[in-house]
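Peer 1: Pasting a structure here, questions to come.
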């Protein structure tokens, strides 16, 4: 039996590449920070000595801020969020970006009004995805549980976080890469398609 998406009342979104058009050049960010070409950027920084790591985190935040100011909403983002809000769903953001840049991004995309600021969690709010901690914090805030929740994202860290928290998972596969479908309960090619799939 499939998931009844209309009964899912807690919706947690990745931000970059999910609600926004993917713009981050991660290879360029790694090069600018002199980090290894493979592995998570945050994890690579955290493995450095504390003083060096702190400086790299500041550099990373500055680079991300440039992307945040230029962010554009993914087609269908506003309509999807409006539909979910109208049915009374709780809406949250869980990003590996920092909170300040998340706010700038959502403001630039005219999506900030859909989210309470205390439901926008960045890498300083909880252990970053794929850890489930951020999802668990939001569910605790909403007094909900994993069986009522959905984690949505465009990358394996998002879907693994959902799996680790035992929520339903939605893979936003804009480019049709089919890379992380095995981690998802639902794969869609656009937010407009998702709206159609989860509509009442």
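The values are calculated or read from the model by the stated rules, or taken from the named source; none is laboratory data. Since we're looking at a predicted model, the values are computed, not measured. Positions of Cβ are generated from backbone atoms using ideal geometry, with glycine treated the same way; all protein chains shown enter the neighbour counts.
Peer 1: Please verify whether the range 33-46 includes one or more residues that are within 16 Å of residue 152 (Cβ to Cβ) and loosely packed, with under 14 Cβ neighbours inside 10 Å.
Peer 2: No; the residues of the range 33-46 include none that is within 16 Å of residue 152 (Cβ to Cβ) and loosely packed, with under 14 Cβ neighbours inside 10 Å.
Peer 1: Here's another thing I want to ask about it. Taking the condition touching a helix residue (DSSP H, G or I) at 6+ places or on another chain (Cβ under 6 Å), farther than 13 Å from residue 12 by Cα and modelled with pLDDT under 95, does residue 200 pass?
Peer 2: yes
Peer 1: Among strands (runs of 3 or more DSSP E) lying entirely in the range 105-200, which contain 1 or more residues that are surrounded by 21 or more Cβ atoms within 10 Å (Cβ to Cβ)?
Peer 2: In the range 105-200, 149-153, 168-172 are the strands (runs of 3 or more DSSP E) which contain 1 or more residues that are surrounded by 21 or more Cβ atoms within 10 Å (Cβ to Cβ).
Peer 1: Given the residues 193, 100, 166, 160, which is the only one that is at pLDDT below 95 and assigned by TED's automatic domain parsing to the domain that holds residue 16?
Peer 2: Values: 193 fails: at pLDDT below 95; 166 fails: at pLDDT below 95; 160 fails: at pLDDT below 95.
From the options 193, 100, 166, 160, the qualifying one is 100.
Peer 1: Can you tell me which of 100, 82 is in a helix (DSSP H, G or I) and under 19 Å from residue 190 (Cα atoms)?
Peer 2: Details: 100 fails: under 19 Å from residue 190 (Cα atoms).
After ruling out the rest, the residue left standing is 82.
Peer 1: Then there is this: Count, please, the residues in the range 77-104 that happen to be crowded, with 18+ Cβ neighbours inside 10 Å and closer than 22 Å to residue 162 by Cβ.
Peer 2: Of the residues in that region, 15 qualify.
Peer 1: So which pairs qualify, if the first residue must be in the range 39-62 and over 21 Å from residue 99 (Cα atoms), the second must be in a helix (DSSP H, G or I), the Cβ gap must be under 8 Å, and the two must be at least 6 apart or on different chains?
Peer 2: Here the result reads 47/53; 48/56, each pair linking the range 39-62 to a residue that is in a helix (DSSP H, G or I).
Peer 1: Have a look at 64, 82, 100, 117 and point out the one that is in contact with a helix residue (DSSP H, G or I) (Cβ under 8 Å, 6 or more places away or on another chain) and under 19 Å from residue 172 (Cα atoms).
Peer 2: 82
Peer 1: While we're here: Report the residue count in the range 1-21 for those that are assigned to a loop (DSSP other than H, G, I, E, B) and surrounded by 17 or more Cβ atoms within 10 Å (Cβ to Cβ).
Peer 2: So the answer is 7.
Peer 1: Sticking with this structure for a sec: Across the range 22-37, what is the number of residues that are closer than 20 Å to residue 160 by Cβ and either assigned to a helix (DSSP H, G or I) or in contact with a helix residue (DSSP H, G or I) (Cβ under 9 Å, 6 or more places away or on another chain) (or both)?
Peer 2: Count: 2.
Peer 1: Which ones in the range 67-79 are in a loop (DSSP other than H, G, I, E, B) and out of contact with any helix residue (DSSP H, G or I) (no Cβ under 6 Å at 6 or more places or on another chain)?
Peer 2: Selection gives 70, 72, 75.
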